[in-house]
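K.L.:
Take this structure, written in structure tokens, and hold onto it; I'll ask about it next.
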Amino acid sequence: EVVLTQSPGTLSLSPGERATLSCRASQRVSSSYLAWYQHKPGQAPRLLIYGASYRATGIPDRFSGIGSGTDFTLTISRLELEDFSVYSCQQSETLPSTFGQGTKVEIK
Amino acid sequence: QVQLQQSGPGLVKPSETLSLTCTVSGASIRSFYWTWIRQPAGRGLEWIGQVFSTGTTNYNPSLESRVTMSLDTSKSQFSLKLTSMTAADTALYYCARAYNRYFDFWGQGILVTVSS
């Protein structure tokens with residue numbers, strides 16, 4: 001199966017700062033099949049980005065995704081209080097679909 | 001608006017079978033793949049498998065021997081059965097819609113604890 005490794009495990013930043021999250025795949029993943037999710041305690045995960053770079057419906061433009069091959073990045077340009085959360089990448093190029101272990105973005 | 005409402009027990013005894021149901025509204029269950037995903041405490045999300053309205057299923061090889069998924073179009077529901085539950089299966093279980101292989105709508109999640 002495709003293993004997704006996210007880094008860093010925890011990112012400590014202040015509101016207004018830029019967050020850069022990495023997702024590295026153990027083998028090539030088509031950008032069409034790479035997604036990012038945000039999840040908060042007590043809530044279902046929320047789709048942010050699909051196809052590596054396309055924002056899902058209702059997602060603010062401060063969220064952006066880029067990448068290809070084995071390296072993908074989620075960027076939050078200016079952190080707002082509601083953005084402090086856990087973010088996971090997911091691939092569905094090959095089954096089983098797999099997720100990264102998550103990056104926690106916490107308030108510094 | 002697509003909504004997924006999960007139902008099922010929050011506590012299962014070791015060796016017993018977990019049964020969860022997800023009721024879909026706002027979308028046709030005859031389209032799309034419908035998926036089960038879980039998250040053990042302190043760990044990442046794990047894809048359990050998916051079911052299509054034709055009955056086609058795909059399961060995670062790590063769970064395949066214990067998993068059965070089914071779909072009832074008349075009730076707009078799909079279900080998960082996981083046999084021989086152990087403490088390692090304690091997790092938050094989600095149902096979700098797979099749209100072009102990503103998950104755009106999710107159920108509210110059910111915390112399932114395996115304990116005697």
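K.L.:
With 10 angstrom as the radius, rank B:72, A:83 by how many other C-beta atoms surround their C-beta, starting from the fewest.
P.N.:
Final ranking by Cβ density, sparse to dense: B:72, A:83.
K.L.:
Report the FRET efficiency, 1/(1 + (r/R0)^6), for residue A:1 and residue A:62, where r is their Cβ-Cβ distance and R0 is 30 Å, rounded to 0.05.
P.N.:
After rounding, the FRET efficiency stands at 0.40.
K.L.:
Sorting B:25, A:88, B:19 on the 10 Å Cβ count, fewest up front, what's the list?
P.N.:
B:25, B:19, A:88
K.L.:
Could I ask something else about it? Suppose a student asked you for the relative contact order of chain B, using Cα pairs under 8 Å spaced at least 6 residues apart; what percent would you report?
P.N.:
36
K.L.:
Volume per residue, Å³, of the convex hull around the alpha-carbon atoms of segment A:1-88?
P.N.:
In segment A:1-88, the Cα convex hull volume per residue is 97 Å³.
K.L.:
Let me ask another. Counting other Cβ atoms within 10 Å of each Cβ, which GluC sites (Glu not before Pro) in segment A:14-82 have at most 16 and sit in a DSSP loop?
P.N.:
Answer by residue number: A:17, A:80.
K.L.:
Just to be sure I follow: if Rg is taken over the C-alpha atoms of the protein assembly as shown and Rh is the Kirkwood radius over the same atoms, what is Rg/Rh? Before the final figure, lay out each step's value.
P.N.:
Details: Rg = 17.3 Å, Rh = 17.9 Å.
A ratio of 0.97.
K.L.:
Right, here's the next one. Cut-off 15 Å, label point 7 angstrom out along Cα-to-Cβ of residue A:27: give me the residues of segment A:57-91 whose amide nitrogen falls inside.
P.N.:
Once the point is set 7 Å along Cα→Cβ of residue A:27, A:69-70, A:91 turn out to lie under 15 Å by backbone N, inside segment A:57-91.
K.L.:
If you don't mind, there's one more thing I want to ask. Provide the three semi-axes, in whole Å and in decreasing order, of the ellipsoid equivalent to segment B:8-114 as defined by the square roots of 5 times the Cα gyration tensor eigenvalues.
P.N.:
After scaling each eigenvalue by five and taking roots: 22, 14, 13 Å.
K.L.:
Please order A:89, B:22 by the number of other Cβ within 10 Å, starting at the fewest.
P.N.:
B:22, A:89
FYI, it's all coordinate maths here, none of it is from the lab. Everything numeric in this text was worked out from a predicted model, so none of it was measured. Methodologically, a virtual Cβ is constructed for each residue, glycine included, from the backbone with ideal geometry; neighbour enumeration extends over all protein chains shown.
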